[in-house]
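J.: My questions all concern the structure below.
Read the figures in this text as sums done on the coordinates, not as results from a lab. Predicted model only: the values in this text are computed from it and were never measured. Cβ placement follows ideal geometry from the backbone for every residue including glycine, while neighbour counts extend to all protein chains displayed.
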Amino acid sequence: MGSSTRGRELLKDPARTKSTAFTREERDELGLRGLIPYAVSTLESQTERVLENLRRKENDIEKYIFLMSLHDRNERLFHHVVVENIDEILPLIYTPTVGQACREFAHIFRRPRGFYITPEDKGRIRAMFDNWPEEDVRVIVVTDGQRVLGLGDLGANGMGIPIGKLALYTACAGIHPRQCMPIMLDVGTNNAALREDPLYLGYPHERLAGEAYLELVDEFVAAATDKFPDVLIQFEDFLTPNAYALLNRFRDDVLCFNDDIQGTAAVSLAGVYASTRATQKNFKDLRIMFLGAGSAATGIGDLMAYALEAEGLTAEEARRRLWFVDISGLIVAGRDDLAPHNLPYAHDHPQAGFLGALEEIRPDVLIGATGAPGTFNEAVIKKMAEINETPVIFALSNPTSRAECTAEQAYAWSQGRALFSSGSPFSPVVVNGQARRPGQGNNAYIFPGIGLAALAARAKHLPEEAFLTAAHALAHFVSDQDIAEGALYPRLSQIRRVSLHIAVETARKLYELGETELGEDDLDGLEAYIESLMFKPGY
Ligand code: NAD
């Protein structure tokens, strides 16, 4: 729809409508007189009406449906509502509610959004990209829906994830909605219950695998980068072996990253940096134990090893600080069931179960990324509290129902001493008469700022240093007040400032590494320049 759109068509154009906020002059000029009630609303009064409607909904999935309908009806109002009420809205458009929305995607579906690629499109993907109505796409979030949050294979229902992530790119870092493209690589699903659901909307076959799968992904990446030469591709919620395979396949040639591996790593590292201010320990002296050894945990481990090396440790010394326990126990040399990404951390050490490993390794920090709720039980938290005056505990599994323990449990079982962070939000808890605010290790603190840096600097690649820089930049934003409240992350209401700061620092680092088209002159005034690129939703 062009700018000549008028009348009813204009009211139906989600990118251009102001609905009841069209002024009297605009109503005359644009053929709207008679089509809108008399009163002229402001963006603020429309926002108030949206919030009133939202709060009237009885449960979170209804709130999600309401917000997505608003997104389809009036994009600027939607983004304004999100930006101005991020604390309330983020858990609805992202974890935890988006998990339920994905499970029910085929049943709550209203209107197509995003772009779908199936095996039947092989050989035609580049031509299909010409169907997309925008020319200047700068961020693609793509999933194949095989490991959605901690919920497993949800096939094409996983489309809720790229849609939610891109709404956060806009809300948190001001990436223009027109520059964002959610993509579902719908290669089938191995979830038989889904395939048998008569309302399922995806490609109803078993998943494409092996060479055929890689060929389709290759074609997608080649087509996307041909059509949109400056695009950043964010891989999201792929099964761990594929997540690593695709990252390793493309990271040297294509501007891309995997959020589950690298975004999670940076947000967790930032939390660990912040925790050392409360524990008064040196980062380079820490011993860290992970429960879970998949893409999230190993991604964090890899970045931490890199960060420890940056502090002067050898690669071997750095890796010896990091210990992993998976479903079969402590990861040690000689186990014959390990994936390639586990091998650097398979230390010479006797086999042990989780509790035994805690006792022997005596970690300062415990990080859970298992998707297995209840695995940080009373004995585990008590052991951490016995080893440490201030035990640092991250229960990263999403959504909330999958967290390794709740905030309340972490505080109760450590006599209120734990510094606790989680992947999904937990409400503040009163401990010994004092309110503690568990910080959320939400990737939304990192990926929007990384994306903004890549976009502003026209980055060529995103090397590991970019994520280390982003982690430092995020930790820098955690105030003494946050720490005093027990939070290892800033308040979400700060997120646009956080993203801008991360973008500036990361763009500067990319320049130093020769990874951008920035010139030296661009560095003065970089912050003002990047800020000027940020979309501020309004009429
Ligand atoms: P994955 O399937 O690759 O890995 C899961 C790992 O946990 C495996 O090593 C498995 O052996 C281990 N595991 C499973 N059950 C266990 C148990 N009972 N005891 C010990 N180990 C167990 O998954 P992933 O991609 O690494 O994601 C794991 C979780 O991390 C998910 O719930 C995801 O939502 C969460 N995650 C959180 C964030 C965040 O909060 N910022 C980011 C990414 C992923």
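J.: Along the charge dipole of the chain, Cβ charges K/R +1 and D/E -1, which of L452, L322, G538 sits furthest on the positive end?
T.: Farthest towards the positive pole: G538.
J.: Fewest first, what order do L468, L474 take by the number of other Cβ atoms within 10 Å?
T.: Lowest count first: L468, L474.
J.: Cα atoms only: what Rg and Dmax, in Å, come out for the chain?
T.: 23.4, 80
J.: Evaluate the Debye formula for segment 445-501 with equal point scatterers sitting on the alpha carbons, no solvent, and hand back log10 of I(q)/I(0) at q = 0.20 Å⁻¹, in q order, two decimals.
T.: So the normalised log intensities work out to -0.72.
J.: Sequence gap of 8 or more, or different chains, plus Cα separation below 30 Å: how many lysine pairs satisfy both in segment 1-131?
T.: Number of lysine pairs found: 4.
J.: Averaging sequence separations of C-alpha pairs under 8 Å and six or more residues apart, then dividing by the length of the chain, give the relative contact order as a whole percent.
T.: 13 percent
J.: List L419, L526 from most exposed to least, where exposure is judged by having the fewest other Cβ atoms within 10 Å.
T.: Neighbour counts put them in this order, fewest first: L526, L419.
J.: Then there's this: In straight Cα distance, which lysines are under 25 Å from K281, not counting same-chain residues fewer than 8 positions off?
T.: Those lysines meeting the cut-off are K382, K383.
J.: Let me ask something additional. With both partners inside the chain, how many of the DSSP beta bridges are antiparallel, as a percent to the nearest 5?
T.: Of the beta bridges lying entirely in the chain, close to 15 percent run antiparallel.
J.: Now for a separate question. Straight-line reach from K509: which lysines have a Cα under 23 Å away, not including same-chain ones fewer than 8 places off?
T.: Those lysines meeting the cut-off are K284, K460.
J.: Just want the ordering: T400, T279, from fewest to most Cβ atoms lying within 10 Å of their own Cβ.
T.: Ranking T400, T279 by Cβ neighbours within 10 Å, fewest first, gives T279, T400.
J.: Under a 5 Å amide H to amide H cut-off, with H placed in plane at 1.01 Å, what residues pair with L232 once short-range neighbours are removed?
T.: Residues meeting the amide H criterion: V139, I140.
J.: Work from the charge dipole of the chain (Cβ charges, +1 for Lys and Arg, -1 for Asp and Glu, about the Cα centre) and give the residue of A243, A156, I233 farthest towards its positive end.
T.: Result: A156.
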